[in-house]
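The values are calculated or read from the model by the stated rules, or taken from the named source; none is laboratory data. Just so it is clear, the model here is predicted, and its values are computed rather than measured. FYI the Cβ positions are ideal-geometry reconstructions off the backbone, even for glycines, and counts take in every protein chain you see.
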Amino acid sequence: MSDLSSDIQAIVDDLIARMESGNLPWHKPWANMGGVLPINVNTSREYTGIFNPLVLMMASSAHGGDNRWSGFAQWAKASNPVRKGERGTSIYFPNFVCALCGEVAPPWLKVCKHKHDLTGKDSRNFAGFNSCIVFNNQQTREPLPAPEVPQVDPNVGYGHAAAVVTACEATIIHDGNRAFYDKNADSITLPIPGAFRDVSLYWATSLHEHMHWTGHESRLNREGITKPVGYFGSETYAFEELVAEMGAAFLCMKLGVKHDTLMDNHAAYLQSWVKGLKDDPKALMKAATLANKGMNYILKANASESE
């Protein structure tokens with residue numbers, strides 16, 4: 001028998017039903033708005049890898065800190081070619097081959113030339129590294145202007161959520177294109193509110209990170225947060241993500257944070273992490289119990305502030 005209240009159990013049942021309906025795509029709730037991490041200006045994707053972000057961040061300093069990059073052909077296709085005589089910066093990426101036909105399959109492809117699915121665990125094989133040259137926005141014929149930063153007050157229409165988060169007194173930093181909880185600094189970093197597709201998505205993301213914040217050793221002392229660094233990708237890490245997203249879903253319901261796509265996005269995010277737990281059917285209910293504790297911790301902070 002579940003220890004969850006009827007309204008929380010209803011949310012759990014809804015999320016499970018959505019997850020069982022099929023593979024749901026997770027959509028990042030915010031757009032890249034500049035910041036520090038280098039991005040491909042034509043795809044809006046951040047550059048990844050062990051060295052690429054660092055190499056491009058260092059190279060950006062020679063171009064006024066502009067973090068927007070793209071390949072020579074991509075700039076030309078965008079009708080903003082690279083200026084003659086400019087030297088590009090080398091980045092590296094792993095090459096794969098399709099396990100079925102042997103076609104080269106760069107990591108960003110989801111299907112090979114023969115339409116074979118490349119997203120499965122054993123669908124492609126590592127085939128070494130390759131490199132390409134990218135150029136900074138400031139090396140083009142007509143550099144793009146700095147992106148406008150929309151000024152959005154996230155409290156408007158979300159006074160209850162704002163009051164709850166304020167009462168927690170967590171350190172919140174608005175910067176860059178990532179959302180994460182830093183357990184060493186005990187701080188939460190979020191993109192600026194104006195970067196989000198909707199203000200409700202800002203609050204859903206903030207509540208997710210506040211759920212991680214509750215796991216600190218000085219609060220609920222949850223293993224998914226207190227365990228030493230180096231467990232990323234492990235079942236412990238996957239389980240902590242389940243707890244945080246379940247808790248965010250509960251808090252959104254309690255605080256009136258609503259959006260047409262929000263529940264599907266919660267379910268898609270949970271779906272991606274439950275696979276890391278080898279589809280453990282009990283994982284969601286275990287996570288729901290801890291998420292309920294995290295939610296109550298956050299709500300009690302607000303209740304104490306109101307007394």
For the range 137-182, which residues satisfy the criterion of being surrounded by fewer than 12 Cβ atoms within 10 Å (Cβ to Cβ) and closer than 21 Å to HIS259 by Cα?
-> GLN151, ASP153, VAL156, GLY159
Criterion (in contact (Cβ under 8 Å) with a residue 60 or more places away in the chain and of a type outside the set (Ser, Thr, Tyr)) met by exactly one of ASP260, ASP198 = ASP198
Confirm whether LEU100 is surrounded by fewer than 17 Cβ atoms within 10 Å (Cβ to Cβ) and in contact with a His (Cβ under 7 Å, 6 or more places away or on another chain).
-> yes
When you go through (1) closer than 30 Å to HIS266 by Cα; (2) of a type outside the set (Asp, Glu); (3) surrounded by fewer than 19 Cβ atoms within 10 Å (Cβ to Cβ) one by one for PRO81, which number turns out not to apply?
-> (1)
Do we have PRO81 as without any contact (Cβ under 8 Å) to a residue 60 or more places away in the chain, outside the structural domain of SER272 (by TED's automatic domain parsing) and not small (Gly, Ala, Ser) here?
-> no
Does at least one position in the range 40-58 carry a residue that is touching a strand residue (DSSP E or B) at 6+ places or on another chain (Cβ under 8 Å) and small (Gly, Ala, Ser)?
-> yes
Are any of the residues in the range 179-193 more than 24 Å from TYR237 (Cβ to Cβ), in contact (Cβ under 8 Å) with a residue 40 or more places away in the chain and out of contact with any Gly (no Cβ under 7 Å at 6 or more places or on another chain)?
-> yes
Quick check: is even one residue across the range 183-206 buried (at least 20 other Cβ atoms within 10 Å of the Cβ), assigned to a helix (DSSP H, G or I) and touching a Cys at 6+ places or on another chain (Cβ under 6 Å)?
-> yes
Would you confirm whether any residue within the range 146-159 is at positive phi and modelled with pLDDT under 90?
-> no
